[in-house]
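Before any comments, here is the structure.
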Amino acid sequence: MKFILGKKLEMTQIFKADGNVIPVTAVLVEQNVITQIKNKEKDGYSAVQVGFGKPKNIKKPQAGHLKDIEQVKTMREFRVEAKEVESLKRGDKMGVEIFANGDKVKVTGTSKGKGFQGVVKRHGFHGSPASHGHKDQLRMGGSIGAGGVQRVFKGVGMPGHMGDEQVTISGLEIMDIDAEKNILYIKGAVPGARNGLLLIYGPGELKIQEIKEEKKIETQIEKQEESK
């Protein structure tokens, strides 16, 4: 399974070669770090913990957990099969290169919080008739059932807190990848507001590309020579 953490930027559109317009969501995928690998023998289940973002302040327990690897702001777990973690190790880094155009993915995020809402907005009730005898009752919920039981049955549509929940959308597709800016363009809308954390995952083999310091130094020297 492929998986990564990202930050929602905005919605935009992509023009295909045939002229069709595809609505997409731009997701910033900065470098992710594998902070922990869990196995059934020690933890009771197989999972990979991934970190994302640069922290401004870090607490001592988190600093101890991230000892000897790059410090991150947010961490999330992805449940995987035991055989999928054999090639992974703590400290590995990954980015947009693990995905390709056309990959099918699921996206999990936190929906926009809408506060305390009534039944019309929360459940789609049509409201009472706007005729005689319905003063100040147009958007009320009305009767909620029998009164003899002296309690409210589960699942009754009533006013309450709306939004700010974990939402997963399936069947999304990677339409384009901007490797220079570390941006994934995902077809359609994804949960949450701008700058919200997103968990992006889908089928496929996760291939980690090792980043060697020697290659970094070579590329820096090449750029300096070109500038001269």
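The values are calculated or read from the model by the stated rules, or taken from the named source; none is laboratory data. As the structure is a computational prediction, the values presented were derived from the model and not from experiment. Neighbour counts are summed over all protein chains in view; Cβ atoms, including those assigned to glycine, are modelled from backbone coordinates with ideal geometry. Side chains included, ligands, DNA and RNA excluded: accessible areas come from the protein's heavy atoms. Shrake-Rupley method; radii C 1.70, N 1.55, O 1.52, S 1.80 Å.
Quick notes on this structure:
- Taken together, the criteria place Met11 among residues that are open to solvent by 80 Å² or more (accessible area, probe 1.4 Å) and hydrophobic (A, V, I, L, M, F, W, C).
- Those residues of region 170-186 which are open to solvent by 50 Å² or more (accessible area, probe 1.4 Å) and either in a loop (DSSP other than H, G, I, E, B) or within 14 Å of Lys8 (Cβ to Cβ) (or both), in sequence order: Ala179, Glu180, Lys181, Asn182
- Subset tally (residues that are more than 21 Å from Gly91 (Cβ to Cβ), touching a residue at least 60 places away in the same chain (Cβ under 8 Å) and over 16 Å from the mean Cα position of the chain (by Cα)) for region 1-52: 4
- Of everything in region 103-134 that is over 30 Å from Pro203 (Cβ atoms) and assigned to a strand (DSSP E or B), the residue that is most open to solvent (accessible area, probe 1.4 Å) is Phe116.
- Any chance Gly6 is surrounded by fewer than 18 Cβ atoms within 10 Å (Cβ to Cβ), small (Gly, Ala, Ser) and not in a helix (DSSP H, G or I): no
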